[in-house]
Amino acid sequence: DNFGSIATAIAEGRALYDNLRKFITYIFAGNIPEILPFMLTALAKIPLALQVQQILAIDLGTDLLPALALGAEHPEPDVMKRPPRRRDQPLIDRGLLQRAWLWLGPIEAGLCYLGFALVYAAFGHADQVGLPALPWLEALNPLRRPLEEVHLLATTVFFSGVITAQIGNAFACRTEKGSAHLMGWLTNRWLLFGVAAEVLLAIALIYLEPWQGLFELRPLPAVYWIVLCAYAPVVYALERTRKAGVRFLDRVRQQ
């Protein structure tokens, strides 16, 4: 008999539905840079950019806590301003799949392959990934390594790129259309904890034995992390731009 309790229950119910979609979007987007290497290796003969055990480390290790944290997200500020959704509206619809598989996922995969290809080019093996020789990049890296060692270094860059890109994806997935920063950067402490644990686990796998050998990873020079750390804000910024465009189109339709 308390209408305030009814409104609160509706808000929590809508938040639960939203959080399930955020969780699914985050996981589905991360699947693209994990699956694409096997497809490109089979179709274009590009060296395999990610090993099976590295995918398991991502899915069962680094991605796990941030994904669960999205399931505990607070209701969005406009959650009670939206019209009720249709009874037959599926949890996984075309919009979610397009956002995950045609936008966020390809962005992450593109960034990861950029780092992967540049490692090959920096050590004079650009032809292995279908690139022309880049003498200016080779000049910045006078050291030479055998092709097998270059491949291990490149796959480590790809693996690290998936993790850093997924950090940007996690923060971008905190909202579906609204600006994620309106949720407050510190309001979801579980997400902050999950990201911190994700980073620590990745560092342990890359730099500590026996994990390094078990997952076929190699230590990365500090300068590589300057580029890799840019992946998260790039993913977040591009998704924020897309959301701004969606909100603009929604306002135009309502006029």
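Within segment 185-223, take every residue that is polar (S, T, N, Q) and surrounded by 14 or more Cβ atoms within 10 Å (Cβ to Cβ) and give me the one that is farthest from the chain's Cα centre (by Cα). Once the filter is applied, the top-ranked residue is Gln212. The set of residues in segment 43-63 that are among the hydrophobic types (A, V, I, L, M, F, W, C) and in contact (Cβ under 8 Å) with a residue 60 or more places away in the chain comprises Ala44, Ile46, Leu48, Ala49, Leu50, Ala57, Ile58. Taken as a whole, the condition of being more than 17 Å from the chain's Cα centre (by Cα), of a type outside the set (S, T, N, Q), within 21 Å of Val150 (Cβ to Cβ) and assigned to a helix (DSSP H, G or I) applies to Leu40. Residue count for segment 96-147 satisfying the condition of being over 21 Å from Ala44 (Cα atoms) and surrounded by fewer than 13 Cβ atoms within 10 Å (Cβ to Cβ): 9. For Val79, indicate whether it is in contact with a helix residue (DSSP H, G or I) (Cβ under 6 Å, 6 or more places away or on another chain), under 27 Å from Ile206 (Cβ atoms) and surrounded by 13 or more Cβ atoms within 10 Å (Cβ to Cβ). Here the answer is no, as Val79 does not meet what is asked. Reported count of residues in segment 187-205, each being aliphatic (A, V, I, L, M) and out of contact with any helix residue (DSSP H, G or I) (no Cβ under 7 Å at 6 or more places or on another chain), is 5.
When Val162 is tested against the conditions (1) within 26 Å of Lys22 (Cβ to Cβ); (2) free of Cβ contacts under 8 Å to residues at least 40 places away in the same chain, the lone failure is (2).
Taking Leu91, is it out of contact with any His (no Cβ under 9 Å at 6 or more places or on another chain), surrounded by 15 or more Cβ atoms within 10 Å (Cβ to Cβ) and in contact (Cβ under 8 Å) with a residue 12 or more places away in the chain? No, not satisfied. Residues in segment 49-62 that are aliphatic (A, V, I, L, M) and either outside any helix (DSSP H, G or I) or surrounded by fewer than 13 Cβ atoms within 10 Å (Cβ to Cβ) (or both): Ala49, Leu50, Val52, Leu56, Leu60. Within segment 193-229, the set of residues being under 23 Å from Leu70 (Cβ atoms) and in contact (Cβ under 8 Å) with a residue 12 or more places away in the chain comprises Phe193, Gly194, Val195, Ala197, Glu198, Val199, Leu201, Ala202, Leu205, Leu228, Cys229. Among the residues of segment 171-200, the one identified as over 23 Å from Asp78 (Cβ atoms) and of a type in the set (Asp, Glu) is Glu198.
For segment 170-184, the criterion of being at negative phi and exposed (fewer than 13 other Cβ atoms within 10 Å of the Cβ) is met by at least one residue. Is it the case that some residue within segment 115-127 is modelled with pLDDT under 95 and among the hydroxyl-bearing types (Ser, Thr, Tyr)? Yes, because at least one residue in segment 115-127 is modelled with pLDDT under 95 and among the hydroxyl-bearing types (Ser, Thr, Tyr). Only a single item in (1) charged (D, E, K, R); (2) modelled with pLDDT of 95 or more; (3) surrounded by fewer than 21 Cβ atoms within 10 Å (Cβ to Cβ) is not met by Lys45, and it is number (2). Please give the helices (runs of 4 or more DSSP H) falling wholly within segment 63-131 in which 1 or more residues are over 26 Å from Trp225 (Cα atoms) and within 13 Å of the chain's Cα centre (by Cα). Ranges flagged: 94-99.
The values are calculated or read from the model by the stated rules, or taken from the named source; none is laboratory data. Source: prediction; values computed, not measured. Counting neighbours? That spans all protein chains shown, and the Cβs are built from the backbone with ideal geometry, glycine included.
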